[in-house]
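Working notes, structure below.
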Amino acid sequence: MWLPAPGTPICARDALADKPARSFILCDPQDSENQLDIIVWRDGEDVAAFVNQCPHLKVPLETFPDRLLNSAGSALICSAHGAQFDRQGGCFVGPCEGDVLTRVAIETRSAKADEGYEVGRKIIVFAGVLSHS
């Protein structure tokens, strides 16, 4: 699995204001075949990120862009078969119950001049570590 460099910007933190869970695809600037599809999920001040791949079917969780949460907004849901995942990435309903999403380590920091955001704007960046939740 290709991984972006640590510090690679994912999104502005305020991009999660209207949609608390969104998916983003990070691409290798040298080779567009290398990509990492991730979900960033905000709950109040807490922000978590996961690889956007159901552990059961190995497909992205959403069929339609950014439709990632159950109707209560309390869990990520796989649109392929209804599996639901808690804030730690653990599946608690569905055929992959007990499995976990792969967690993506992220950090929030101020944007720099060369990152495509207003300098000082709070952004979420890839921290370079993947692990099972």
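Numbers at a glance
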quantity: Of the criteria (1) over 20 Å from Phe126 (Cβ atoms); (2) not in a loop (DSSP other than H, G, I, E, B), which one Ile25 fails; calculated: (1)
quantity: Residue that is within 26 Å of Asp14 (Cβ to Cβ), in a strand (DSSP E or B) and of a type in the set (A, V, I, L, M, F, W, C), where the choices are Ala49, Ala72; calculated: Ala49
quantity: Top-ranked residue in segment 26-60 [being in contact with a helix residue (DSSP H, G or I) (Cβ under 9 Å, 6 or more places away or on another chain) and β-branched (Val, Ile, Thr); ranked as surrounded by the fewest Cβ atoms within 10 Å (Cβ to Cβ)]; calculated: Val47
quantity: Selection count where residues are surrounded by fewer than 13 Cβ atoms within 10 Å (Cβ to Cβ) and either modelled with pLDDT under 90 or basic (Lys, Arg) (or both), scope segment 61-84; calculated: 3
quantity: Pairs, first aromatic (Phe, Trp, Tyr) in segment 1-12, second in a strand (DSSP E or B), C-beta under 7 Å, six or more apart; calculated: Trp2/Gln35; Trp2/Leu36
quantity: Whichever residue in segment 25-46 is within 19 Å of Asp114 (Cβ to Cβ) and hydrophobic (A, V, I, L, M, F, W, C) and, among such residues, is nearest to the chain's Cα centre (by Cα); calculated: Leu26
quantity: Segment 1-59: number of residues that are among the charged types (D, E, K, R) and closer than 28 Å to Val93 by Cβ; calculated: 9
quantity: Qualifying residue in segment 87-95 (condition: under 16 Å from Ser23 (Cβ atoms), at pLDDT 95 or above and surrounded by 18 or more Cβ atoms within 10 Å (Cβ to Cβ)); calculated: yes
quantity: Where a residue in segment 16-27 is of a type in the set (Ser, Thr, Tyr) and its partner, wherever it lies, is part of a strand (DSSP E or B), with Cβ under 6 Å and at least six apart; calculated: Ser23/Ile39
quantity: Whichever residue in segment 94-131 is charged (D, E, K, R) and part of a loop (DSSP other than H, G, I, E, B) and, among such residues, is nearest to Pro9 (Cα to Cα); calculated: Lys112
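Listed here are the residues, each with its yes/no results for (1) of a type in the set (Val, Ile, Thr); (2) farther than 22 Å from Ile25 by Cβ.
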{"position": "Val51", "(1), (2)": "yes, no"}
{"position": "Glu62", "(1), (2)": "no, no"}
{"position": "Asn70", "(1), (2)": "no, yes"}
{"position": "Ala75", "(1), (2)": "no, yes"}
{"position": "Gln84", "(1), (2)": "no, yes"}
{"position": "Gly90", "(1), (2)": "no, yes"}
{"position": "Gly94", "(1), (2)": "no, yes"}
{"position": "Val119", "(1), (2)": "yes, yes"}
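The values are calculated or read from the model by the stated rules, or taken from the named source; none is laboratory data. What you are looking at is a predicted structure, and each value in this text was computed from that prediction instead of being measured. Cβ atoms come from the backbone with ideal geometry, glycine included; neighbour counts cover every protein chain shown.
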